[in-house]
Amino acid sequence: MSGSDFLVFYGCVLVVMLACRCLPLLALKGRPLSPRAAEALALIPPAAFAALVANDLFDPTAPLRAAPLLAAAVVALVARRTGSLIWCAVTGMVAYAALAALGLG
């Protein structure tokens, strides 16, 4: 692929990405979202966080280890109790570090 071909490809991808991200913002500007749409959008950060964690916990190429699973159990309890993504992240890091310090990591 030559330099000019790459620039054309890059430009096309850039235009499509900007259109997909900016056009909905411009089309919905000033309009309230329906409660179902707002609820669905509010679930995106926890779902992304859960996907990242699940990918590391259940990697089929890596052996199961106790520390990540125990830290995940602690995080599940904190999530149930607080419902806060920040507290879940902090608790998970602290629990994993504590378990690793105990030699379970």
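Note on Cys22 and Ile86: the model spin-label points, each 7 Å out from Cα along the C-beta direction, lie 3.2 nm apart. Taking only protein heavy atoms into account and a 1.4 Å probe, give the accessible area per residue of the chain in Å². Accessible area per residue, the chain: 81 Å².
Modelled this way, with points 7 Å down the Cα-to-C-beta line, the labels at Arg36 and Leu52 are 3.0 nm from one another.
Just from its helices, what would the mean residue ellipticity at 222 nm be for the chain, if runs of 4 or more DSSP H residues each count -39500 (n - 2.57) and the sum is divided by every residue, rounded to the nearest 500 deg cm²/dmol? The per-residue figure over the chain is -25500 deg cm²/dmol. Given [x] 1.18; [y] 0.99; [z] 0.94 as candidate values of Rg/Rh (Cα atoms, Kirkwood Rh), which corresponds to the one derived from the coordinates? From the options [x] 1.18; [y] 0.99; [z] 0.94, the structure gives [x]. Summary of the geometry: region 29-52 and region 67-89, compared by the centres of their Cα atoms, lie 21 Å apart.
Rolling a 1.4 angstrom probe over the chain with all protein chains present gives an accessible area of which 73% lies on carbon and sulfur atoms. Based on C-alpha pairs under 8 angstrom that are at least 6 apart in sequence, the chain has a relative contact order of 20 percent.
Under a model in which nothing but the beta-carbon of Lys, Arg (+1) and Asp, Glu (-1) is charged, the chain shows a dipole of about 440 debye around its Cα centre.
The values are calculated or read from the model by the stated rules, or taken from the named source; none is laboratory data. Small disclaimer: the values here were computed from a predicted structure and weren't measured. Using ideal geometry, Cβ is built from the backbone for each residue, glycine included, and neighbour counts are taken over all protein chains shown. These area figures cover heavy atoms from the full protein model, side chains too; ligands, DNA and RNA do not enter into them. Shrake-Rupley method; radii C 1.70, N 1.55, O 1.52, S 1.80 Å.
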